[in-house]
Amino acid sequence: MVEDDPSAEADDPSAIRSVALSPEDAVDAYVYGRENPGEAVLRVTPPFHGRMRARIHVYRVDDAELTGAVHLSPATVIADDVLAAYPDLESALAEADNDPAADDRLRDRHADAVVEWRTRARDAIVDSITLETDDGTHRVDLKTLG
């Protein structure tokens, strides 16, 4: 990076001090990744500066290298104990022994459990995360919106 080139600084994520994000976006991105093909992240796009905003971004092909965007995994912004408590439908269905009525009840209970989990997860956004940059790791604060 040339020190006198302001455009080079604008592409450097180490300029970021804090990232604002919607807890709902973080939860939606995490649930999307558990329930659907493709991946959902919280995306921060250049030009970078001290305070940035992350928005939900769903993709099948990661374009971060091409665009210079920083992708925050929703699993890094939600507290680990809450992530571990995410309701697991597949395990419950495997134990249902192919009983369609039991499957329907389990799916209903799972949907209710996910609603409860989402409420808990929105309140479990961590205070800071570490970004990987070309120069190593860089700690940034997270600020919730709403």
### Query
In segment 123-143, which residues have a backbone nitrogen under 15 Å from the label point lying 7 Å from Ala20's Cα in the Cα-to-Cβ direction?
141-143
### Query
Label-point separation (nm) for His49 and Glu116, each offset 7 Å from Cα along Cα-to-Cβ?
4.5
### Message
If you split all Cα-Cα distances of the chain into 5 Å bins from zero, what percentages do you get per bin, shortest first?
### Response
2, 9, 17, 18, 17, 12, 9, 6, 5, 3, 2, 1, 0, 0
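Give the relative contact order (percent, whole number) for the chain; include only Cα pairs under 8 Å separated by 6+ residues. All intermediate terms of the calculation are to be shown ahead of the outcome.
On the way: 219 pairs, mean separation 41.4, N = 146.
Once divided by the residue count of the chain, the mean separation gives 28 percent.
Can you give me the relative contact order of segment 80-124 as a percent, contacts being Cα pairs under 8 Å and 6 or more apart? Walk me through the intermediate numbers first.
Working: 21 pairs, mean separation 24.6, N = 45.
Rounded, it is 55 percent for segment 80-124.
Assign unit charges at the C-beta atoms only (+1 for Lys and Arg, -1 for Asp and Glu), then state the dipole size of the chain relative to its Cα centre in Debye, rounded to the nearest 20. Before the final figure, lay out each step's value.
On the way: 15 positive and 32 negative charges, 123 e Å.
I would put it at about 600 debye.
Order Glu116, Glu39 by their accessible area, 1.4 angstrom probe, all chains in place, largest first. Can you show the working numbers first?
Working: Glu116 135, Glu39 85 Å².
Per-residue accessible area, sorted high to low, gives Glu116, Glu39.
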### Query
With each run of n ≥ 4 DSSP H residues scored as -39500 (n - 2.57), what mean residue ellipticity at 222 nm is computed for the chain after dividing by its residue count and rounding to the nearest 500 deg cm²/dmol?
-11500 deg cm²/dmol
### Message
Keeping every protein chain present and rolling a 1.4 Å probe, give me the accessible area per residue for the chain in Å².
### Response
61
## Note on the structure
Here the FRET efficiency for Ser73 versus Arg105, based on Cβ atoms and R0 = 30 Å and rounded to 0.05, is 0.40
### Query
To the nearest 10 degrees, how steeply does helix 100-122 sit against the main Cα axis of the chain, on a 0 to 90 scale?
30
## Note on the structure
Under the 7 Å Cα-to-Cβ spin-label approximation, Ala10 and Tyr59 lie apart by a distance in nanometres of 2.0
## Note on the structure
Here the Cα Rg-to-2.2 N^0.38 Å ratio for segment 97-138 is 2.09
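The values are calculated or read from the model by the stated rules, or taken from the named source; none is laboratory data. In this text, all values refer to a predicted model and were calculated from it rather than measured experimentally. Every residue, glycine as well, gets a Cβ built from its backbone with ideal geometry; the counts of neighbours run over all protein chains shown. All accessible areas refer to the heavy atoms of the entire protein, side chains included, with ligands and DNA or RNA removed. Shrake-Rupley method; radii C 1.70, N 1.55, O 1.52, S 1.80 Å.
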